[in-house]
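Input: a single structure, listed below in structure tokens.
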Amino acid sequence: MGVVLRSHWNPMGESVKPSPDILRGTLDLLILKALSFGTAHGYSVAKWLEVATDDALALGEGTLYPALHRLEERGWVTSSWGSSENNRQAKFYTLTRKGRRQLDIETAKWRLYAGAVFAALDSSAKP
């Protein structure tokens, strides 16, 4: 499934997958942001993304768990096994100090990038 932009956010009225170029750094940023609120298991991260984006983005397991593993390899998150709300074994992820610094860096870069894109989209200047 990957990351899907749901239809109510798409002017064409259908679900679409954003291009890999758009997702490259955005997915890591969103996962770091979700974990900035505290320790969570993967399902909670995916649900947070849906709620935080007003159901505009849906994150599939085949995208989420490799990303969490990549963030763990980079030292941005740690994981441990525990029991979920319904007493099932789940892997819980926690943002590290290094991950919190990376969240700040990535947030600043994304705000700069998004501001530049919006400035260009709003520009009435001809090329």
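Observations on the model:
- List 70, 100, 111, ordered by accessible area with a 1.4 Å probe, largest first: 111, 100, 70
- Remark: spin-label model distance residue 26-residue 53 equals 0.7 nm, labels positioned 7 Å along the Cα→Cβ axis.
- Extending 7 Å from the Cα toward the beta-carbon at both residue 69 and residue 83 defines two label points whose distance is 2.8 nm.
- Rolling a 1.4 Å probe across the protein heavy atoms gives region 51-101 an accessible surface of 63 Å² per residue.
- Remark on residue 41: its backbone amide H falls under 5 Å from those of 93, a criterion applied only to residues 5 or more positions apart or on other chains, H modelled at 1.01 Å from N.
- Residue-by-residue Karplus 3J(HN,Hα) for region 47-64, coefficients 6.51, -1.76, 1.60, Hz, glycine and proline x: 5, 4, 4, 4, 5, 5, 9, 6, 6, 6, 10, 10, 10, x, 4, x, 9, 5
- A Förster radius of 30 Å combined with the Cβ-Cβ distance from residue 118 to residue 36 puts the calculated FRET efficiency at roughly 0.80.
- Look at the Cα gyration tensor of region 20-90: its axes a ≥ b ≥ c give a/c of at least 1.5 with a/b at or below b/c, and that counts as oblate.
The values are calculated or read from the model by the stated rules, or taken from the named source; none is laboratory data. Predicted model, so just to flag it, every value in this text is computed and none were measured. As a convention, Cβ positions derive from the backbone with ideal geometry for all residues, glycine included, and neighbour counts pool all protein chains shown. Calculation scope for accessible area: heavy atoms of the full protein, side chains included, ligands and nucleic acids excluded. Shrake-Rupley method; radii C 1.70, N 1.55, O 1.52, S 1.80 Å.
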